[in-house]
Amino acid sequence: MMTIIRRLNYQHLLYFWSVVRTGSLTRACEELALSAPTISSQLRTLEARLGEKLLTKSGRTLVPTEVGRMVYSYADEIFSLGQDLMEALEHRPSARPLRLMVGIDDVVPKEIAYRILEPVMQLKQPVRMVCREGTLERLMAQLAIHELDVVLSDAPVTPSLNIRAYSHPLGSSGACWMATQALARTLRRGFPKSLDGVPVLLPTDDTAIRRSLDQWFERQHVRPLVIAEFEDYAMLCEFARAGHGFAPVPRVLEEHFRRQYGLVRIGMAQNVKAEFYAISVERKIKHPAVVAMTGSARAMFAKP
């Protein structure tokens with residue numbers, strides 16, 4: 001049985017879109033260089049074709065109905081894509097920028113996120129990247145409805161989130177304890193017992209690495225004085241730079257923290273690993289920018 005395709009007159013849709021976007025029939029007439037009777041007639045034809053009232057009067061102005069607002073949102077996307085097409089043709093051979101929507105879990109250090117994402121900017125095809133930060137739960141909800149292409153996290157997705165997604169390991173990094181030179185000098189002697197009772201700055205207890213660090217303290221029979229916990233790793237580092245306590249740093253960032261914050265190593269937190277994942281709704285990643293991002297990240301974490 002042959003499927004009957006309902007046809008839409010995009011010229012009529014353009015008139016409707018222009019009226020709603022400009023805010024009045026008069027301004028739409030000026031923009032389109034058409035008379036008011038012509039546009040009004042075409043709008044009535046569009047409403048008849050769709051079988052819905054799209055505009056209603058509010059005082060002296062026309063405003064979209066509830067259905068009209070829905071139609072306008074689709075029209076806005078349609079004509080925005082049309083504009084993108086024209087711009088892409090005007091700037092050949094450059095292609096339309098590849099859009100990449102990334103969610104970054106709050107607990108992922110910004111320096112790590114930057115190093116994972118930066119290779120995307122080196123692709124031959126232009127990329128327009130949008131980064132959103134939030135809790136893993138909120139980001140996963142956005143991933144599920146395809147508002148995001150990928151989520152960066154310090155832990156794999158769990159069944160408790162009730163979202164079908166796949167965790168792609170990017171790599172892991174050992175952790176070391178760092179502090180200002182003055183504090184580190186006093187703590188190196190007798191490490192790790194020297195950490196007992198000493199002020200420490202830690203990630204919040206909802207992070208994967210925090211749980212590993214707490215277990216490390218237990219194994220060493222060390223009980224430092226927890227004076228502050230941070231979701232934002234950059235804030236944690238600022239307090240460490242000011243000498244308020246010692247702090248855990250992923251080994252891959254040690255040199256950066258030494259140069260940027262003046263911190264030096266006290267010692268390693270043996271068997272503690274900071275892990276990182278790219279989470280997507282695809283079992284096999286296909287998005288070119290995400291493929292480049294994950295490949296580069298794995299190479300970075302593989303370095304000794």
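Taking the criterion of being out of contact with any Asp or Glu (no Cβ under 7 Å at 6 or more places or on another chain) and either of a type in the set (S, T, N, Q) or assigned to a helix (DSSP H, G or I) (or both), the residues of region 134-152 that qualify are GLU137, ARG138, MET140, ALA141, GLN142, LEU143, ALA144.
Residues in region 122-136 that are modelled with pLDDT of 90 or more and closer than 24 Å to PRO250 by Cβ: MET129, CYS131, ARG132, GLU133.
Restricting attention to region 137-151, the residues that are closer than 18 Å to LYS110 by Cα and at pLDDT below 90 total 0. Within region 117-124, the presence of at least one residue that is more than 12 Å from the chain's Cα centre (by Cα), closer than 21 Å to GLY295 by Cα, without any contact (Cβ under 8 Å) to a residue 40 or more places away in the chain and not in a helix (DSSP H, G or I) is confirmed. Reported count of residues in region 169-204, each being touching a helix residue (DSSP H, G or I) at 6+ places or on another chain (Cβ under 6 Å) and assigned to a helix (DSSP H, G or I), is 2.
For region 257-283, the set of residues classified as crowded, with 23+ Cβ neighbours inside 10 Å and of a type in the set (S, T, N, Q) is empty.
Over 19 Å from VAL107 (Cα atoms), of a type in the set (Ser, Thr, Tyr) and either at pLDDT 90 or above or touching a Gly at 6+ places or on another chain (Cβ under 9 Å) (or both): is that true of SER194 in this structure? When the stated conditions are applied, SER194 passes them. The one condition from (1) of a type in the set (A, V, I, L, M); (2) assigned by TED's automatic domain parsing to the domain that holds ASP206; (3) in contact with a strand residue (DSSP E or B) (Cβ under 6 Å, 6 or more places away or on another chain) that LEU117 does not meet is (3).
Just one of the listed residues (THR207, THR180) is touching an Asp or Glu at 6+ places or on another chain (Cβ under 9 Å), of a type in the set (S, T, N, Q), buried (at least 16 other Cβ atoms within 10 Å of the Cβ) and in contact (Cβ under 8 Å) with a residue 40 or more places away in the chain, namely THR207. Do we find that GLU133 is surrounded by fewer than 19 Cβ atoms within 10 Å (Cβ to Cβ) and farther than 18 Å from GLN270 by Cβ in this structure? So GLU133 passes the test.
Residues that are under 23 Å from VAL151 (Cβ atoms) and either modelled with pLDDT of 90 or more or in the same structural domain as ASP154 (by TED's automatic domain parsing) (or both) number at least 2 in the following helices (runs of 4 or more DSSP H) confined to region 205-299: 208-220, 233-241.
In region 189-207, is there at least one residue being under 25 Å from the mean Cα position of the chain (by Cα) and more than 17 Å from LEU225 (Cα to Cα)? Scanning region 189-207, I find at least one residue that is under 25 Å from the mean Cα position of the chain (by Cα) and more than 17 Å from LEU225 (Cα to Cα), so the answer is yes.
The values are calculated or read from the model by the stated rules, or taken from the named source; none is laboratory data. The structure displayed is predicted, hence computed values, not measured ones. Cβ sites come from the backbone with ideal geometry, for glycine too, and all protein chains shown count toward neighbours.
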